[in-house]
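Please read the structure below before turning to the comments.
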Amino acid sequence: MNFPVVCMAVFFFAFGLALNGQSENPSSGSWSGVIINANCTADEAFAEAPKCTEKDVPGAKLALYDDTTRQIYILDPQDQAIGHLGASMTVTGTLDANTVHVASLKLHDSIGLSVGQKAPDFSARDQFGRQQTLQTLKGPKGTVLLFFRSADW
């Protein structure tokens, strides 16, 4: 057989195995959201429906609802999330399809800056596409910033 043909066949075989392995490997990371019953839909979780945080729902698994992306992730194992229905948490682990294999779970004990803490430098585009920073927004008496993350209009 021709040497270049053999090399090409080996390359495509190895490349195929590498791609196959990538699609089967779960991705590691962390996800933040609220612990809910997995029988709740993303729309119900977004609307904070009472059924999403009902205790003692027979057969209901616990899940993490990320309201930024409106994704629901089943938690495996469940034991670390038990007792945290409705709590805002960060889950670290590996994602496989829609299941997070939990390595650790951390309760959010505070959101935002503490009273008197200075805002960190930042840069973001405003509604007109202009770059804004803490300094460009600062007025003679200081600055009040309100970040409104989302609305369901």
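All of the numbers you see were taken from the coordinates with simple rules; none came from a lab. As the structure is a prediction and not an experimental result, all values here were calculated from the model. Here the Cβ is made from the backbone with ideal geometry for all residues, glycine too, and neighbour counts use every protein chain on show.
Quick look at the numbers
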{"read-out": "Relative packing of 92-105, 35-48, which averages over residues the other C-beta atoms within 10 Å, highest first", "value": "35-48, 92-105"}
{"read-out": "Built amide H within the under 5 Å cut-off of Asp96, gap 5+", "value": "His101"}
{"read-out": "Candidate lysines - alpha carbon under 25 Å from Lys51, same-chain residues fewer than 8 apart omitted", "value": "Lys61, Lys106"}
{"read-out": "Cut-off under 5 Å, modelled amide H: who pairs with Ala87 long-range", "value": "Ile35"}
